[in-house]
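The values are calculated or read from the model by the stated rules, or taken from the named source; none is laboratory data. As the structure is a computational prediction, the values presented were derived from the model and not from experiment. Counting neighbours? That spans all protein chains shown, and the Cβs are built from the backbone with ideal geometry, glycine included. Heavy atoms of the whole protein, side chains included, go into the accessibility calculation; ligands, DNA and RNA do not. Shrake-Rupley method; radii C 1.70, N 1.55, O 1.52, S 1.80 Å.
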Amino acid sequence: ERPSDTFPLSQLQAAALLPQLETLDHWNARRRQGARWFTDQLSKLSTSKSANTAFFLPRFVNADTSAALYKFAFFARSSDQRDQVLARVRPLGIPCGHGFPCFARRASQSGSGANSFPHALAAAEKTIVLDHRALIADLSLRQEIFDQIVADV
């Protein structure tokens, strides 16, 4: 299941989370490291001798050492491939999901109805989103996730 809802914290929740700010830099660095690892592994598929462009990756700026990544998104070749990847990764206990179709449909400024954004919708239909738990996973679990992502490539 893909986590998607966000709500403001209560005062009690904020008080309980405040001490955890001391470890925030550590976890942000670990998520950046995991994102780089997935980017590197998936990039190898597109640069191998086979002319396979199995997945299309976001540009990860290596110089950005302050990024606070929470999710890792990339594109499959098709919505069918995306659905197959999700079906293989979910049993590993890592929340993952599809793209953001709501970005492709926005109400018009005039209030006369919804606008259509076909390119955004096509991108959303191919997007795979891994939860931050994939990014902070140990190397063996990351490798298992990667193996399931590329099982049909």
- Query: If you check every pair at least six apart or on different chains, which have Cβ atoms under 6 Å apart with a residue in segment 118-131 that is more than 23 Å from P91 (Cα to Cα) first and a residue that is surrounded by fewer than 14 Cβ atoms within 10 Å (Cβ to Cβ) and modelled with pLDDT under 90 second?
  - Reply: A120/F103
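Can you tell me which of L57, L9, L45 is at pLDDT below 90 and under 16 Å from the mean Cα position of the chain (by Cα)? Step through it out loud before you land on a result.
Values: L9 fails: under 16 Å from the mean Cα position of the chain (by Cα); L45 fails: under 16 Å from the mean Cα position of the chain (by Cα).
On inspection, the qualifying residue turns out to be L57.
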- Taking the residues in segment 16-42 that are open to solvent by less than 70 Å² (accessible area, probe 1.4 Å), more than 12 Å from A67 (Cα to Cα) and aliphatic (A, V, I, L, M) as candidates, determine which candidate is nearest to the chain's Cα centre (by Cα). L42
- Task: Could you grab me the full set of residues in segment 115-143 that are acidic (D, E) and either in a strand (DSSP E or B) or surrounded by 15 or more Cβ atoms within 10 Å (Cβ to Cβ) (or both)?
- Result: E125, D131
